[in-house]
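The values are calculated or read from the model by the stated rules, or taken from the named source; none is laboratory data. Just so it is clear, the structure is predicted and the values come from calculations on it, not from any experiment. Here the Cβ positions follow ideal geometry from the backbone for every residue, glycine too, while neighbour counts run over all protein chains shown.
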Amino acid sequence: MTRKIILASRSPRRKQLLEWAEVPFEVVVRETDEHFPPGLSPEEAAVFIARNKALAVQASVGEGETVLAADTIVVLGDNIIGKPVHREDAVSILLALSGEKHRVITGVVIRKGDREIAFSDSTDVLFHPLSVQQIEYYVDQYKPYDKAGAYAIQEWIGVVGIQSIQGDFYNVMGLPVSRVVRELKEI
């Protein structure tokens with residue numbers, strides 16, 4: 001059994017995944033800048049943002065605690081797609097993803113004292129072609145404004161719209177939880 005950790009995330013999906021894995025945790029969040037320096041690969045950018053979250057929370061809870069932070073980004077071609085800012089943005093993002101393959105990358109940082117484990121996990125997701133009506137229905141019903149790529153795989157659009165995935169399903173939800181559990185044992 002793992003000792004209680006600090007989850008540096010408000011994400012209900014990350015909380016749910018840790019609960020399913022029976023990892024004891026409490027949530028502590030500090031506001032951090034989610035921008036990253038130019039020139040980083042998408043994997044490096046996700047880890048950079050996760051590290052900032054972990055460091056901010058570690059500074060507030062103390063170095064004796066184990067802090068887990070993550071950041072998920074979506075990459076279509078060479079473009080990093082963040083969270084939509086409004087309805088039209090969400091529709092536009094999903095239209096771009098329709099019928100296309102994209103990567104979902106989650107950067108993970110686990111810190112305890114000055115020890116750190118940092119990694120990223122990548123999953124390829126292929127959407128079926130989606131109609132404008134399907135996309136607008138999803139955006140209006142599910143309001144995916146807090147989700148990178150404007151969708152959640154476990155919601156309606158994932159059930160009807162995703163043709164295939166290669167990689168960790170739970171990574172697309174926001175946390176490659178099986179690897180996280182293994183890494184927590186190391187730290």
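May I ask you to verify whether Val23 is part of a loop (DSSP other than H, G, I, E, B), touching a Ser or Thr at 6+ places or on another chain (Cβ under 7 Å) and buried (at least 16 other Cβ atoms within 10 Å of the Cβ)? Yes: the conditions hold for Val23. Counting only strands (runs of 3 or more DSSP E) that sit completely within the range 62-117, those holding 3 or more residues that are touching a strand residue (DSSP E or B) at 6+ places or on another chain (Cβ under 6 Å) correspond to 66-76, 101-112. All but one of (1) closer than 20 Å to Ser11 by Cα; (2) at pLDDT 95 or above hold for Val132; which doesn't? The one condition Val132 does not meet is (1).
The residue that is modelled with the highest pLDDT, among those in the range 30-56 that are in contact with a helix residue (DSSP H, G or I) (Cβ under 7 Å, 6 or more places away or on another chain) and farther than 13 Å from Ile73 by Cβ, is Arg30.
Residues in the range 1-29 that are in contact with a helix residue (DSSP H, G or I) (Cβ under 6 Å, 6 or more places away or on another chain) and of a type in the set (Gly, Ala, Ser): Ala8, Ala21.
Here are Thr72, Thr106, Thr32, Thr66: which of them is without any contact (Cβ under 8 Å) to a residue 40 or more places away in the chain and either surrounded by 15 or more Cβ atoms within 10 Å (Cβ to Cβ) or not basic (Lys, Arg) (or both)?
Numbers: Thr72 fails: without any contact (Cβ under 8 Å) to a residue 40 or more places away in the chain; Thr106 fails: without any contact (Cβ under 8 Å) to a residue 40 or more places away in the chain; Thr66 fails: without any contact (Cβ under 8 Å) to a residue 40 or more places away in the chain.
After ruling out the rest, the residue left standing is Thr32.
For the range 82-91, a residue qualifies if it is buried (at least 18 other Cβ atoms within 10 Å of the Cβ) and either closer than 18 Å to Val47 by Cβ or at pLDDT below 95 (or both), and exactly one does: Lys83.
Within the range 46-53, is there a residue that is of a type outside the set (A, V, I, L, M, F, W, C), touching a strand residue (DSSP E or B) at 6+ places or on another chain (Cβ under 8 Å) and part of a strand (DSSP E or B)? Looking through the range 46-53, none of the residues is of a type outside the set (A, V, I, L, M, F, W, C), touching a strand residue (DSSP E or B) at 6+ places or on another chain (Cβ under 8 Å) and part of a strand (DSSP E or B).
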